[in-house]
Every structure is written in structure tokens, then in C-alpha cells.
1. In peptide B:335-343, what is the residue-averaged number of other protein chain Cβ atoms found within 10 Å of each Cβ?
2. What does the net charge come to around B:Q394 if you take all other residues with beta carbon closer than 11 Å to its beta carbon, with K and R at +1 and D and E at -1?
3. Excluding B:K378 itself, calculate the net charge of residues whose Cβ lies under 14 Å from the Cβ of B:K378, where each Lys or Arg counts +1 and each Asp or Glu counts -1.
4. Hey, for a label at B:T332 modelled as a point 7 Å past Cα toward Cβ, could you say which residues of the range B:259-285 have their backbone N under 18 Å away?
5. Please list the non-local residues whose amide H lies under 5 Å from the amide H of B:A267, H modeled 1.01 Å from N, same-chain partners needing a gap of 5 or more.
6. Please list, ordered by chain and number, the residues whose modelled amide H lies under 5 Å from the amide H of B:L300; skip anything fewer than 5 residues away on the same chain.
7. Set the Förster distance to 41 Å, then compute FRET efficiency between B:V182 and A:M174 from the Cβ-Cβ distance, nearest 0.05.
8. What is the average number of partner chain Cβ atoms found within 10 Å of a Cβ in B:158-170?
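The values are calculated or read from the model by the stated rules, or taken from the named source; none is laboratory data. The model shown is predicted, which means the values in this text are computed figures rather than measured ones. Here the Cβ is made from the backbone with ideal geometry for all residues, glycine too, and neighbour counts use every protein chain on show. Accessible surface is based on the protein model in full, side chains and every heavy atom, while ligands, DNA and RNA are left aside. Shrake-Rupley method; radii C 1.70, N 1.55, O 1.52, S 1.80 Å.
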Amino acid sequence: MCTRSADRPASHQRIWLLATIVLLVVAAQTGIHAQGYPTRFEFGTPATEQDISAVAIAIPADGAGLPAGSGDYMKGKAVYETQCAACHGTDLMGVAGLPNMPAGTQLRLIGGRGTLASKNPVMTVESYWPHATTLFDYIRRAMPFAAPGSLSADETYAVSAYILTEAQIIDKSMVLDAKTLPLIEMPNRNGFVPDPRPEIFK
Amino acid sequence: MSTKDSDRDDARAAAIEEALGGIGQRISEAEAASEVCECKQGMFALAATRRQLFGGAGLVAAVGMTGVLPRTGAAKAPPGAVEYPVPADSTKEQGRMMGEDGGYGSRSQFESDVRWANPTRTASFAPLQNGYGVITPSGLHYERHHGGIPTIDPARHRLVLHGLVDRPMKYSLADLKRFPTVSRTYFMECSGTTGSEIMKAREPTVQRTHGLVSTSEWTGVPLSTLLRQTGLKPGAAWVLAEGADAAVMTRSVPIDKCLSDALVVFAQNGEAIRPEQGYPMRLFLPGWEGNISIKWLRRLEVSDKPNYTREETSKYTDLVTKTGKARMFTFTMEAKSVITFPSGDMKLPGAGFYEITGLAWSGRGKIARVEVSTDSGKNWSLAALQDPVLPICQTRFRFPWIWDGTPAVIQSRATDETGYSQPTHQQLIEERGPLESGSLFYHMNAIQSWAIARDGSVKNVHPLG
């Protein structure tokens, strides 16, 4: 229909139609750009205190948020023997050759002081861990292996006391709780440095 | 490669046997102790005797002997494949109907590459030796778990953001997907990859020396977008990320990273992330050691200081035995490369042309160049890089080589856009001190050497002998 060269009005109509479409498209695009992406979105739900306390179990190095409760060596020994000894060993030296478990050396909890500056370092709670609070945090969240997260606060304090006593870091008579645990000075407390990389090689 | 073809039955039997065998078996302490890394405990040399034992007809024998998993109807098919009868002439009968696969395809029954899981079943390694391009198939992406793979119903999963924020929030997977998303192709590497190789050549194949690295296209929401919803209070400096696995894995992340390129991802290679990669959602911190990209992400707590969790003190710290001090918060994966063909345990059929190929990557940006040496490092030449070269992504390199049939040692050396070049073993040991329990040697990125013998066999060798 546009081959009729004499039909000028129709041709003009087409030009105007095109121009209008172009304008509309530009206007629409401008509109989109002006709207842009919001920085705040209406979806998601405010997290309540209950939502947070249900999952916020982490204990930082300074011990903030440690739960009420307490435990000592003797209670901890009973917990250890029933919950931990099968993998970590009655002597806390790690059990070798367990199926689908880390090597015995990895399960070892005590000993190894003075070995870090050697090519055969023994890295344990005693020789390597910088914070006693980390021991509590980790046991509470991930141990015992067969039933993670099942120990009570009392049991966790107690078994921490047992391990730290066997590691000769605290005295057998010490009762661990939210106040005393963060005060423990771990042997390798100052054994860590910031990452210096990228390394410059000679 | 004809070498692979000739070994196919053998390799297939071995692969299935490796994949299935040993689950629940006791391993010797020697085996476990040879590999005391948190990342890949308990590696031992691919048992040649087992291979010979099960070679050829070993497929059935292997499956029959393990008897651990139910393998009834699919007994003959490799993992991820379905076994079909092979017609004498595929042009003389109709093939399968569409939809017979239930709508989700599987790979060919003749392909058998699988991840190799260490005896302690805490990590599995991607088969780099038979990979192409740079994308790792999702089912072959390396794995490292600290408490197994949880099964999480996305309808019940929530991500909670709280701490030093103005508005604590929780998001479902559906909420997360409504945010503007980005897709990025990034590598991910375990900090323990290749650590076992620092003092001597221990592992036979590139899968086992370098297989804790993979590349995927990841899709998710910038963490900065989520933190803009909650707002940040003064003093916000670190974010504790926590997973919903049995280890309730936690790591502290500096706020700068959270506000730059950190993502909360829910998709991998165009579909939902796999359960072993953190379904329904995981943190992804580009260029940083894999374990800090917390999987099964359930909580982000903004704080003024790091938590010093077990996984950033007792583990994943880099002991410098020269001083007895350990480096902490060693996040970045430095430039690294490895030749994947030819590589350990392969056999070249004879002198002649080979295209050497491999992968290079850097947590600090793009790969600037890869050099290849075929004479034990005396001479180096530039390899061709496959476009596009993306930042914090594996880059495929290729190098034409005519092997004259005499013994040779081939190596690759990557340099990234910051000018950093891969060091030698000697340089790393001088910098950090020797470590006999080598797999504790995190961030091991030394130049890898493969020796080709006169008979064409390829072996992992250590430059210090």
C-alpha cells in the first residue's frame, strides 16, 4: 500500500505515526531510567528477638553472650568419657584409624607445646588455640560428633574445664562459667600475626 | 586422547570402585596421617594393585565387592549416567523418545569422570585432567564439608541479618530471589589445595594435587544490597557468617569485603546450587579461600571485631615454621596454574605433536600471562590464553609442543594483573619454613612439574628431588 507514490497524505501519516512511536519509546525509556532501581525493598521480614536468639549462638573471643551455668574438671571428666573419648581418646591424644574420621593426630587435644617452630608441629588446643572461649563455642555448636549441639551449658563448661586441665592450662579446682572462662590465658595467645601477603620472593 | 580411550575400561572400573569403595571401611593410620590437612585428610596413592585387580572386567567385580550402596538396575552405569543397550547400528533403529529421562538429562554412559573423595570423606576433588574450557560441571565441582551435606527444605530456611544494624531482617529464598541479582563466573579454591606437595611429590594425578579448585557461574544478590536494607551502625567492621550444617560452620568476614564484591548466591551454572555447594543459599567471597564462603548460610551478624572462631584460629591459619607464628585471616588465593594435559598418570603414545593445556587463576584479578617450560624451567615461552580472560576466574591456556621422545619436565607459571608470579617450592619453603605434614601448608601455589619418561608415562615430580 505504500507503493502508491501519489498518496502523499498517507505517507505523511506514516511519518507522524513513526515519530509518535519513537517519542513514546523514548519517553517510556526515560521513565524507566528515572525510576531506576530502588535502594530499599519492601520484601523480607523484620527479624524478632526470638528469630535472632534461635540462631545467634556464637561466642566471640571476649566471651560476650556466654550462657549461665558452670562446670568443673570432675563433672567434665564424666562428660568427656561418655561423649568425647571414643574419638579423642581416653588420654586426649586422639584415636587413630577411625573410619571416615580425621587422622588421630587431628583428633589430638593436648600436648605439642614448643613444637610450632619445627617442621613437625603438633597443633592442639594446648599448643595452638589462642582463645579458651573458642573451645566452648566450638564444642557447643559442633560437638559431640554423633549428636552435635546436644550438650547443655553446664556440660560444655565442664568438658572445657576437663580438657583445659588435662592440657595443664588451668587448675583442677577451677570452676568455669561466663566470668572465668574468658580470663584464661592460652599458651599460644600471642602466636598469630596478620597476613603479610602478597609475598615478595627473592 | 587415544591414551584415555585405551585405558577407559580400566579407569572406569577404578573410578567407580574409588567412588563407592571404602565407604565405612577402616583406613590405616598411615593412610590418614599422610594427609592431616583439614581440607583433605587421608590421601594415599591411587592403589595400582586395586586397578590391576579390577581392570577390564573389574566393573562388575568392583560393584559386587563393595556391596555398600544399592546399585541394582543401574549397576553398570557410571554415576550420573543411565545404562542403555547399545545397538549394532544406531542408524537402523529409532532412538529413545524425549522425556524418557524424566525431563532432566544425564551424561553418556561411556563417560565416567567422578570426583575423588578422600578416605575420611571430608573433601572431594574435581577431575581436572579431563576437563575442558573453564566451567566445572556442577556435579564435578570440588567439595569440602565440615559436618556433612545437610538436607535443607528451602521453604523452612531463613537468612537472618542482625547485630550492629539498624533494622534486623530475615529473608526466605523467595525473598532473596526478588532482589536485583548478578551473575559472575568465578573460581573457588580450597586453601589447602596442593599443600600435600610442598615437601615432596605425593599425589599421582592433577585431580589429587590440584582438584580442590573449580569454576562456576554463580548467581545471587550482592551482600551490599542486603546490608543496605538493614543499615549499619557505627563501629560495624566485621560480619560473622554462619551455616546451617552440623558444624554450624562460622567465619568472620571484614565489612569491606561484604560491601564490595560479596554475594549471597542461590544459583550455579544456571540452576539452583547443588546441596553440596550450599543449597538453598551460600555466601560467595570472590578470590578468597573457599571455606569462608559459608554454605547453607543461615545467619550474618554484624560486629565490631572478628569472633576468632575455630575455623579461623585452630584451622585455616598458616603456621610459619620458620618463626613458630601463624598467619591469621589469610583470605586471598594467590595466582596459580597447572598443566592438566599431559599430567600425572597419563601416558603419551609416542613422540610427536601435543597441545599442552591447563588452567590459571588468581584471587587478585585477571591472569596477565602464562608461561610454559618443557625443559625443567630452563626456558619459558608464552602460552595462548583462551578468551575471555575474566577476573577471579580460571583461564584456559594452550601451548603447542612437539615431543622428541626424550625425557622432559613440563611446567607452567602464571602471572596475574598485579604483576605477581607463581613462586617455586624453594621460594615458598624459604618464606614460610618447611612443613612435613605438608597438607597443613595452606595457600600452596608453587609451580607444578610433570615429568615425561622415554616411554611416554607422565609422573608428578618435585623440583627439590
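1. 0
2. Summing Lys and Arg as +1 and Asp and Glu as -1 gives +1.
3. -1
4. Answer for the range B:259-285: B:259-262, B:285.
5. When sequence neighbours closer than 5 places are left aside, the close amide H contacts are B:T219, B:I273.
6. Placed amide hydrogens put B:V160, B:L161, B:H162 under 5 Å from B:L300.
7. The value I calculate is 0.20.
8. 4
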